[in-house]
Ligand code: ARG
């Protein structure tokens, strides 16, 4: 049996209630433990609302100055940790309003004129998310810059490119890193796009139908830096599609980071040994003294799952809701906040980790040799000399088989042996069989030639 507390005037809305609320119900319905993180946005929104009320003559100038003074006091109490958050007051909005009223009296009670917690919370979340997106865009830029710096350092470092995780053709490590960069560039575009739709003001919708007071919504929007107002009051208080979009953009970003992480984990494995990661991003084993584990990329790969989970949670939260506001929407915050935290921390740690990655070029080159990475170049060579590509493909396949038997790479086959697979082989063949020759010949935009990689980096630097 749960305990009960009496219905008392401490509930802002308790007027019509005769039965007390059980402690369990109180705990179940309260959100203050997690929504208090929006306190700055709540106060910002309230101040803009109060300013508008005064401008419109709905409250007096004296009320406004009491509210401004009281909110300054509330702000310093929260900042110093002196503020007492109370579960009895349900959420961040009622906690702040109650304290304001204790500090300034009736002016505090007038603040909620023409407003509902429904449009208030929708405004707070949008302000919060807009701020979070701005922070994430800064972090993304730092991550991108660290990628570009590493790509520049490794613009001409040959490594195997893979398809089916089998050695395919030579690429440069810088080119590979620039593929990562392109992924993040689209991620940044997506976050900026979500920001546009997030940045609309719900306030003024009140509970759901609008309000009878002569409010000025455009004024409040401008005060808060919104690009405009939500144009339907029902939609304004109910939809959380902007939060869902944010989680979708976050899920895609994490998917990209997870792929990068998977590659880092593979490359750290001694069978690959393509890179080293600074020790400070790895951990040891409590039982195996020799171990150095790539924990940071592994965790990033793992955390991707929770962000996918948040996207699914919010989509599911929304799908059954009739218009307009429903309490279900209180459940939007924890997934959203955790997505913000996970994405922010992951970007921060990747921006720090990337500069500590060093290539191991000898191992990359060994892998190229063992994979006959220039086989396609030989086929292209024969094709240029007039052999139909399919015939060239077959001739080179036979040459690879021979090289494999002899335990050598293609350029190490004697000239006469190479020529035995096609009379078109001439002594210029060796230049196309080298890794450097192969790289240099892919010199169109988007190709792996070091000069193209450097050009791509230069273009990218203009854009970030
Ligand atoms: N804590 C609530 C939420 O997060 C605030 C809005 C409450 N509105 C209401 N009518 N009970 O959604």
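The values are calculated or read from the model by the stated rules, or taken from the named source; none is laboratory data. Values in this document were obtained by computation on a predicted structure and should not be read as measured data. Heads up, the Cβs are rebuilt from the backbone with ideal geometry, glycines too, and the neighbour counts pull from every protein chain shown.
Quick look at the numbers
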{"quantity": "Counted residues, the range 319-355 - those being more than 13 Å from the ligand (Cβ to nearest atom) and under 23 Å from residue 232 (Cα atoms)", "calculated": "4"}
{"quantity": "Condition met for residue 168 (part of a helix (DSSP H, G or I), in contact (Cβ under 8 Å) with a residue 40 or more places away in the chain and either touching a helix residue (DSSP H, G or I) at 6+ places or on another chain (Cβ under 8 Å) or more than 30 Å from residue 113 (Cβ to Cβ) (or both))", "calculated": "no"}
{"quantity": "Selection count where residues are assigned to a helix (DSSP H, G or I), away from the ligand (no atom under 16 Å from the Cβ) and touching a residue at least 60 places away in the same chain (Cβ under 8 Å), scope the range 94-133", "calculated": "4"}
{"quantity": "Residue check for residue 434: farther than 21 Å from residue 179 by Cα and touching a strand residue (DSSP E or B) at 6+ places or on another chain (Cβ under 8 Å)", "calculated": "no"}
{"quantity": "Selection within the range 80-93 - out of contact with any strand residue (DSSP E or B) (no Cβ under 9 Å at 6 or more places or on another chain) and away from the ligand (no atom under 11 Å from the Cβ)", "calculated": "80, 81, 82, 83, 84, 85, 86, 87"}
{"quantity": "Checking residue 28 against (1) more than 25 Å from residue 338 (Cα to Cα); (2) modelled with pLDDT of 95 or more, the condition it does not meet", "calculated": "(1)"}
{"quantity": "Test: residue in the range 294-313 that is within 13 Å of the ligand (Cβ to nearest atom) and either over 23 Å from the mean Cα position of the chain (by Cα) or modelled with pLDDT of 95 or more (or both)", "calculated": "no"}
{"quantity": "Residue check, residue 434 touching a helix residue (DSSP H, G or I) at 6+ places or on another chain (Cβ under 8 Å), under 15 Å from residue 376 (Cβ atoms) and either surrounded by fewer than 20 Cβ atoms within 10 Å (Cβ to Cβ) or in contact (Cβ under 8 Å) with a residue 60 or more places away in the chain (or both)", "calculated": "yes"}
{"quantity": "Some residue of the range 48-55 being in contact (Cβ under 8 Å) with a residue 12 or more places away in the chain and over 18 Å from residue 215 (Cα atoms)", "calculated": "no"}
{"quantity": "Flag if residue 410 is closer than 28 Å to residue 263 by Cα, in contact (Cβ under 8 Å) with a residue 40 or more places away in the chain and surrounded by 14 or more Cβ atoms within 10 Å (Cβ to Cβ)", "calculated": "no"}
